[in-house]
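To keep things clear, I will list the structure first and then write my remarks on it.
None of the figures in this text is laboratory data; all of them are computed from the coordinates on show. All values reported here derive from a predicted model rather than from experimental measurement. Neighbour counts are summed over all protein chains in view; Cβ atoms, including those assigned to glycine, are modelled from backbone coordinates with ideal geometry.
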Amino acid sequence: MPENYTPGYSANAVNFMAQRTAVSHAAFFLPYLRPGMHILDCGCGPGTITLGLASAIAPGTVTAIDQAVSQIELAWDNAKKQEISNVNFITANIYTLLFAENTFDAVFTHAVFEHLQEPLQALRELWRVLKPGGIIGVRSPDWGGFLMTPTTPVLDRAMAYCKFLQEQNGGNPCIGRELCALLRQAGFINIKATATYECYEPLSLPAEYLALRIEASAEIEQAIEKGWVDGQASLLAMSESLREWSRHPDGFFAQTWCEVVGKKSV
Ligand SMILES: C[S@@+](CC[C@H](N)C(=O)[O-])C[C@H]1O[C@@H](n2cnc3c(N)ncnc32)[C@H](O)[C@@H]1O
């Protein structure tokens, strides 16, 4: 099975990520950061969280990697706009980092592990580049725990179809609950887990993001074979159900985020 990045890099998907900041999405990790640290952010996307991490560890530096050149370019643009200079954005794959072992004081990764086919292999690579005594922070959603109302059978099917698409791409939409076990298996100690909910405002943000994913789904052949859809019309019915829900006056969505911090033993 190939590993494909499910959200893709459309303007909608990238703007969705770019709403995030270190304060809003890395609050669980900020207490572990100290001025002067050298840290790694893996899968930085447009880099808006990275820039907040950079402010927290200045005069230290953040090295941030992403597999997509487009994201690295965008992250550099955002750093220039915010006049933040203690960052270095590099195109790289999380599985094969070109850093020596024991390089970083801390490693962070946000909303990446749910897209990986080999999360343990990625964690072992993060363990390798972390200094002894260094800290890791990983945050990913778990689709087993979100709250959504008011639902309809078509909307439930749309959400289940989004899960199916991510699984078809080699990802795991319910990886949040597995993070503790994965960190332990990768050799980390002192593992501490927390979880939080994120309520989206406006609801059109997650709705449009998921609706476009459904409409662009390349897996339609497998989806038809597996009985998910019977053609373009049923895809559109699912995407429209998300848009209708986002306009409902009582619409509510709370996303579950699982957060894990661990340490590499000295
Ligand atoms: C959902 S975005 C998250 C971006 C940012 N961390 C945030 O939370 O806003 C996931 C990012 O991980 C990157 N990514 C996915 N698989 C990767 C891999 N194997 N190596 C490096 N980056 C990867 C994608 O290109 C994408 O930019």
task = Report, ordered by the first and then the second residue, all pairs with beta carbons closer than 8 Å, sequence separation of six or more or different chains, a first member in region 166-188 that is at positive phi, and a second member that is among the acidic types (Asp, Glu).
result = Gly170/Glu3
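Within region 29-40, is even one residue within 13 Å of the ligand (Cβ to nearest atom) and within 25 Å of Ile135 (Cα to Cα)? Talk me through it step by step, then tell me what you get.
Here is the first cut: in region 29-40, the residues within 13 Å of the ligand (Cβ to nearest atom) are 29, 40.
Now restrict to residues that are within 25 Å of Ile135 (Cα to Cα): 29, 40.
Yes: one or more hits.
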request  = Under 6 Å between Cβ atoms, at least 6 apart or on separate chains: pull out the pairs that start in region 106-133 with a residue that is β-branched (Val, Ile, Thr) and end on any residue that is buried (at least 16 other Cβ atoms within 10 Å of the Cβ) and assigned to a helix (DSSP H, G or I).
outcome  = Val107/Leu126
ask   = Any idea which of (1) farther than 30 Å from Lys226 by Cα; (2) in contact (Cβ under 8 Å) with a residue 60 or more places away in the chain; (3) under 18 Å from the mean Cα position of the chain (by Cα) is the one Ile72 doesn't satisfy?
value = (2)
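Are any residues in region 91-117 aromatic (Phe, Trp, Tyr) and more than 7 Å from the ligand (Cβ to nearest atom), and if so, which ones?
Step one: of region 91-117, the residues aromatic (Phe, Trp, Tyr) are 95, 99, 104, 108, 113.
Hits for region 91-117 are Phe99, Phe104, Phe108, Phe113.
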task = With respect to Val266, determine if the residue is in a strand (DSSP E or B) and among the aliphatic types (A, V, I, L, M).
result = no
query = Looking at (1) buried (at least 20 other Cβ atoms within 10 Å of the Cβ); (2) of a type outside the set (Gly, Ala, Ser); (3) within 12 Å of the ligand (Cβ to nearest atom), which is the only condition Leu179 fails?
reply = (3)
ask   = strands (runs of 3 or more DSSP E) wholly in region 99-165 with at least 2 residues that are under 23 Å from Leu53 (Cβ atoms) and of a type outside the set (Ser, Thr, Tyr) - which ones?
value = 104-110, 130-141
